[in-house]
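What follows is a single structure, written as structure tokens, with notes after it.
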Amino acid sequence: MDKKWAEENNAAAPTPASATTPQLRVVARKRHRPFMIESHQPGVKTVFKVNPNWWNKPEHNLKEIIFTPIGSAATRVAALLLG
């Protein structure tokens with residue numbers, strides 16, 4: 001990612017897990033990524049699906065990725081420990 005663009009668009013820092021909206025960098029560069037956003041529920045989950053128009057050959061067998069943010073650090077650790 002271009003550093004100047006990221007700084008100009010307030011996208012240089014990582015997004016907190018408790019954030020309720022995606023950063024501009026996620027939305028703006030969606031065509032150039034192997035996955036694209038299928039659905040987004042702020043603060044609940046984001047579902048990514050394979051981008052059929054991606055320019056490169058995938059090196060994975062994934063069909064979708066489900067990102068579920070957990071705002072509390074203690075709850076995140078507990079979720080990791082529980083699998």
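Only the coordinates and a few stated rules stand behind these numbers; no lab work does. Model, not experiment: these values are computed from the prediction. Neighbour counts run over all protein chains shown; Cβ positions are idealised from the backbone, glycine included.
What to note about this one:
- Take the Cβ atoms of residue 79 and residue 56, set R0 to 30 Å, and the FRET efficiency comes out at 0.40.
- Sorting the segments 61-70, 40-49 by their residues' average number of neighbouring beta-carbon atoms within 10 angstrom, most packed first, yields 40-49, 61-70.
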